[in-house]
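These notes are about the structure you will find just below.
The values are calculated or read from the model by the stated rules, or taken from the named source; none is laboratory data. Bear in mind that the values here come from a model prediction, so they are computed numbers and not experimental data. Counting neighbours? That spans all protein chains shown, and the Cβs are built from the backbone with ideal geometry, glycine included. Note: accessible area is taken over every heavy atom of the protein model, side chains too, but ligands, DNA and RNA are not part of it. Shrake-Rupley method; radii C 1.70, N 1.55, O 1.52, S 1.80 Å.
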Amino acid sequence: MDRPPDDIDRPPDDIDRRVLSVLHAYGGYPRVAAVARALSWSGEHGALWLAAGLAGAAADRGRRGAWLRATALTAGAHLASMGVKRIVRRPRPTHVAPRVRTAGRHSFPSSHAASATAAAVAYGALGAYAVPPLAAAMCLSRLVVGVHYPTDVAAGAVLGAAAAGLGARWIGGGP
């Protein structure tokens with residue numbers, strides 16, 4: 001009997017490693033690496049998204065409460081992802097060289113992706129249409145800099161979307 005192809009013998013996470021390797025390779029281009037590093041830095045602890053929400057609240061006085069609630073949901077998504085990280089404790093990738101320093105050793109789920117996606121959903125609902133593409137770039141940056149597996153980023157994005165989606169009625173309610 002013929003032996004199956006080697007891909008069948010690989011562990012299930014091998015696709016995760018291969019996709020990360022391909023995307024990480026784009027960080028070899030200096031401009032791509034610079035943008036990915038800048039996005040990673042600005043997204044640390046959800047800082048970019050929290051600042052955007054507070055700016056929205058300051059600029060849009062008529063919907064200040066909605067902006068602040070959207071910001072709270074974004075922060076909540078970030079905190080939830082940090083809690084999941086403490087439970088899962090998946091180590092960061094070691095087969096690629098990281099291009100940025102990280103605040104912690106664990107990678108699942110990506111807190112950058114959680115806060116970015118929560119902001120995309122919450123602020124997008126308030127008309128901030130530039131946020132979703134920037135959030136997508138933030139998610140990709142975590143792969144380019146080599147600090148998350150694709151499944152880490154996907155899980156963070158799902159968590160962020162769920163947090164903001166579940167709170168969507170709360171964003172719109174009240175002054």
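A few comments on the model shown:
- On the stretch given as the stretch 119-155, residues that are open to solvent by less than 50 Å² (accessible area, probe 1.4 Å) and more than 25 Å from Arg31 (Cβ to Cβ) total 7.
- Residue in the stretch 57-72 that is surrounded by 14 or more Cβ atoms within 10 Å (Cβ to Cβ) and among the hydroxyl-bearing types (Ser, Thr, Tyr) present: yes
- Residue within the stretch 88-110 that is within 22 Å of Ala25 (Cβ to Cβ), open to solvent by 50 Å² or more (accessible area, probe 1.4 Å) and of a type in the set (Gly, Ala, Ser) present: yes
- In the stretch 143-154, the residues that are within 15 Å of Pro91 (Cβ to Cβ) and under 9 Å from the mean Cα position of the chain (by Cα): Asp152
- Within the stretch 149-168, being over 13 Å from Ala119 (Cα atoms) and of a type in the set (Gly, Ala, Ser) holds for Ala154, Ala155.
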